[in-house]
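Before any comments, here is the structure.
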Amino acid sequence: MEARDHELKKELAATLQARGELGPEYESALIESFLEKVEQRLDTTLDRRVRRQLAEQQTAGARGMSPAQPETFGERHALGIVSLILAIPLSAIGVANAGIEGLVVAWLGVVGVNAFQAARGGGLFRSRYERASSGWKD
């Protein structure tokens with residue numbers, strides 16, 4: 001994991017250096033390029049986790065066991081953490097392109113995505129009993 005973090009830090013340093021050389025007129029394109037790389041990294045990580053979890057569920061199902069669904073802090077709050085991290089550059093892009101209105105739109109998007117996830121995933125609107133008894137039904 002540290003090697004991947006190091007690669008991302010190198011990408012960020014290269015983006016900042018390119019911004020210094022190219023000037024502020026290319027800032028938007030450079031930020032978008034860096035965010036695409038971050039998004040690809042997140043997609044790869046999420047795909048790997050989903051495949052691993054599906055394999056574990058299939059293995060447990062084949063053995064006749066009910067799959068364990070341990071929920072850690074990171075799993076419950078991953079979207080919120082990632083969205084807050086990505087909100088920083090999104091805020092900068094919004095302010096640079098549209099002023100305060102762009103900032104408001106960026107944060108409304110962040111809040112909207114998190115509210116939708118909380119409502120869909122049951123983070124805010126389901127009781128503790130419903131969360132504990134829910135599971136995958138065939």
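In terms of the mean number of neighbouring beta-carbon atoms within 10 Å, the peptides 100-108, 40-48 order highest first as 100-108, 40-48.
Extension gain for Leu35-Glu56 works out to 4.4 nm (0.36 nm per residue, less the C-alpha to C-alpha distance). Net length available on complete extension from Ala14 to Ile88 is 24.8 nm, with 0.36 nm assigned per residue and the Cα-Cα distance removed. Full extension of the chain between Ala96 and Arg63 yields a length gain of 6.3 nm, computed as 0.36 nm times the residue separation minus the alpha carbon distance. Summed over the residues of the range 1-55 and divided among them, the accessible surface reaches 80 Å² per residue at a probe radius of 1.4 Å.
Using θ = phi - 60° in the Karplus curve 6.51 cos²θ - 1.76 cosθ + 1.60, the 3J(HN,Hα) couplings for the range 48-64 round to 5, 5, 5, 4, 5, 5, 5, 5, 5, 5, 5, 5, 5, x, 5, 7, x Hz; x is entered for Gly and Pro.
The values are calculated or read from the model by the stated rules, or taken from the named source; none is laboratory data. The model shown is predicted, which means the values in this text are computed figures rather than measured ones. Here Cβ is always computed from backbone atoms with ideal geometry, including for glycine, and neighbour counts include all displayed protein chains. Keep in mind that these areas ignore ligands, DNA and RNA; they rest on the heavy atoms of the full protein, side chains included. Shrake-Rupley method; radii C 1.70, N 1.55, O 1.52, S 1.80 Å.
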